[in-house]
1. Of these, LEU93, LEU98, LEU128, which one is among the hydrophobic types (A, V, I, L, M, F, W, C) and more than 18 Å from GLU50 (Cα to Cα)?
2. Kindly provide the set of residues from the range 114-134 that are aliphatic (A, V, I, L, M) and in a strand (DSSP E or B), ordered by number.
3. Looking at the range 74-83, can you tell me whether even one residue there is under 17 Å from GLY136 (Cβ atoms) and either aromatic (Phe, Trp, Tyr) or modelled with pLDDT of 95 or more (or both)?
4. Which one is nearest to CYS117 (Cα to Cα), of the residues in the range 22-48 that are surrounded by fewer than 16 Cβ atoms within 10 Å (Cβ to Cβ) and either of a type in the set (Gly, Ala, Ser) or touching a strand residue (DSSP E or B) at 6+ places or on another chain (Cβ under 7 Å) (or both)?
5. Determine which member of the set SER81, SER9 is farther than 26 Å from THR122 by Cβ, small (Gly, Ala, Ser) and touching a helix residue (DSSP H, G or I) at 6+ places or on another chain (Cβ under 8 Å).
6. Could you please give the count of residues in the range 62-75 that are in a strand (DSSP E or B) and in contact with a Ser or Thr (Cβ under 6 Å, 6 or more places away or on another chain)?
Amino acid sequence: MSINTAVGSCLCGTVVFEFTLPTVFAGHCHCTMCQRAHGAGFVTWIGVREDGFRITKGAGEVEHFKSSPHTTRSFCRRCGSSMFCNNDTHENLIDITLANVHGKIDREIKAHFYNDCRAPWTDVNDDLKKLGGESGTEAL
């Protein structure tokens with residue numbers, strides 16, 4: 001691992017991955033699919049270039065689920081950790097759950113995506129951008 005590489009894993013350590021920095025984005029997603037997939041009010045994702053991403057251990061233990069016509073979510077089949085999301089409309093980009101990354105990344109969280117879909121029991125009282133609409137990235 002170099003200074004320009006970050007590492008992460010699932011909960012049980014069966015799946016280990018690494019990616020090249022810099023990241024493309026970092027933000028909290030409040031869409032209902034993320035809520036249901038993670039059992040949480042929102043999920044913090046980072047985007048990285050897919051050509052700089054690789055699974056270094058346990059690739060055969062990664063299960064893929066097509067959650068929409070254009071999105072595939074991936075998780076460890078042993079411990080259930082949800083780790084990756086691929087959107088077919090975003091070329092050369094893979095989303096990684098920040099909670100599965102070991103250590104710090106190269107950027108701060110910048111926004112709340114799909115903020116208009118957030119769970120009614122969550123409060124968002126920070127100064128980050130609040131985005132929404134059909135794409136989840138439109139100014140509210």
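The values are calculated or read from the model by the stated rules, or taken from the named source; none is laboratory data. From a predicted model like this one, the values you see are computed outputs, not experimental measurements. Cβ placement follows ideal geometry from the backbone for every residue including glycine, while neighbour counts extend to all protein chains displayed.
1. Details: LEU93 fails: more than 18 Å from GLU50 (Cα to Cα); LEU98 fails: more than 18 Å from GLU50 (Cα to Cα).
Only one candidate qualifies: LEU128.
2. Of the range 114-134, the ones aliphatic (A, V, I, L, M) are 119, 124, 128, 131.
Correct list: LEU131 only.
3. So in the range 74-83, the residues under 17 Å from GLY136 (Cβ atoms) come out as none.
Scanning the range 74-83, I find no residue that is under 17 Å from GLY136 (Cβ atoms) and either aromatic (Phe, Trp, Tyr) or modelled with pLDDT of 95 or more (or both), so the answer is no.
4. So the first thing to find is which residues in the range 22-48 are surrounded by fewer than 16 Cβ atoms within 10 Å (Cβ to Cβ), and the list is 22, 24, 32, 36, 39-40.
Within this subset, residues satisfying the condition of being either of a type in the set (Gly, Ala, Ser) or touching a strand residue (DSSP E or B) at 6+ places or on another chain (Cβ under 7 Å) (or both) are 24, 39-40.
Numbers: VAL24: 23, GLY39: 15, ALA40: 13 Å.
My answer is ALA40.
5. Working: SER81 fails: farther than 26 Å from THR122 by Cβ.
The match here is SER9.
6. Initial filter on the range 62-75 (in a strand (DSSP E or B)): 62-68, 71-75.
Adding the requirement that they be in contact with a Ser or Thr (Cβ under 6 Å, 6 or more places away or on another chain) leaves 62, 64, 66, 73, 75.
Residues meeting the conditions: 5.
Each row is one residue, and each column tells you yes or no for (1) of a type in the set (D, E, K, R); (2) touching an Asp or Glu at 6+ places or on another chain (Cβ under 6 Å); (3) in contact (Cβ under 8 Å) with a residue 24 or more places away in the chain.
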| residue | (1), (2), (3) |
| --- | --- |
| HIS38 | no, no, yes |
| GLY47 | no, yes, yes |
| GLY60 | no, no, no |
| LYS66 | yes, no, no |
| LYS104 | yes, no, no |
| HIS112 | no, no, yes |
| ASN115 | no, no, yes |
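Conditions tested, residue by residue: (1) of a type in the set (A, V, I, L, M); (2) under 17 Å from ARG107 (Cβ atoms).
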{"residue": "THR5", "(1), (2)": "no, yes"}
{"residue": "CYS10", "(1), (2)": "no, no"}
{"residue": "GLY13", "(1), (2)": "no, no"}
{"residue": "THR23", "(1), (2)": "no, yes"}
{"residue": "ALA26", "(1), (2)": "yes, yes"}
{"residue": "ASP51", "(1), (2)": "no, no"}
{"residue": "GLY58", "(1), (2)": "no, no"}
{"residue": "GLU61", "(1), (2)": "no, no"}
{"residue": "SER68", "(1), (2)": "no, no"}
